[in-house]
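Got a structure for you, written out below as structure tokens; questions coming shortly.
The values are calculated or read from the model by the stated rules, or taken from the named source; none is laboratory data. Every value quoted in this text rests on a predicted model; they were computed, and no experiment measured them. Glycine also receives a Cβ, built like all others from the backbone with ideal geometry; neighbour counts cover every protein chain displayed. When the accessible area is computed, the model is the full protein with side chains, heavy atoms only, and any ligands, DNA or RNA have been set aside. Shrake-Rupley method; radii C 1.70, N 1.55, O 1.52, S 1.80 Å.
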Amino acid sequence: DIVIKTSGGNKMTIFDRISDGVYKCLWFVENSCNESVFKEEEIVTLNEYKNFLKTEEREDKINQLLG
């Protein structure tokens, strides 16, 4: 699965399930491969993240119109 941290950042690939709800993820920055372990609540699928951004954009536009 392609995931991203809930706070944003690079697209990552889930490499391994370490334990229940804990995943090892890999991502690249230029030619460098990085890895780290994240809890399930720290990451979301890329599609979920994109949907969240669309919702946030709509709310910002509504607030601008009403502001």
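Quick check, is Val44 of a type in the set (A, V, I, L, M), at pLDDT 90 or above and within 14 Å of the chain's Cα centre (by Cα)?
yes
Do you know which residues across the range 41-60 are open to solvent by 70 Å² or more (accessible area, probe 1.4 Å) and closer than 26 Å to Ser19 by Cα?
If the condition is that a residue be open to solvent by 70 Å² or more (accessible area, probe 1.4 Å) and closer than 26 Å to Ser19 by Cα, then Glu41, Glu42, Asn47, Glu48 are the ones that fit.
Does Phe38 fit the bill of being in a strand (DSSP E or B) and open to solvent by 70 Å² or more (accessible area, probe 1.4 Å)?
No, not satisfied.
Results for (1) open to solvent by 70 Å² or more (accessible area, probe 1.4 Å); (2) in contact with a helix residue (DSSP H, G or I) (Cβ under 8 Å, 6 or more places away or on another chain); (3) not in a strand (DSSP E or B), shown as yes or no for each residue.
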site	(1), (2), (3)
Val3	no, yes, no
Asn10	yes, no, yes
Thr13	no, no, no
Ile18	yes, no, no
Trp27	no, no, no
Cys33	yes, no, no
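Name the residue, out of Ser36, Ser7, Ser19, that is hydroxyl-bearing (Ser, Thr, Tyr) and under 11 Å from the mean Cα position of the chain (by Cα).
Within the list Ser36, Ser7, Ser19, the selection yields Ser7.
Here's the yes/no breakdown for (1) at negative phi; (2) touching a residue at least 12 places away in the same chain (Cβ under 8 Å); (3) of a type in the set (A, V, I, L, M, F, W, C):
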| residue | (1), (2), (3) |
| --- | --- |
| Trp27 | yes, yes, yes |
| Thr45 | yes, yes, no |
| Phe52 | yes, no, yes |
| Glu57 | yes, no, no |
| Leu66 | yes, no, yes |
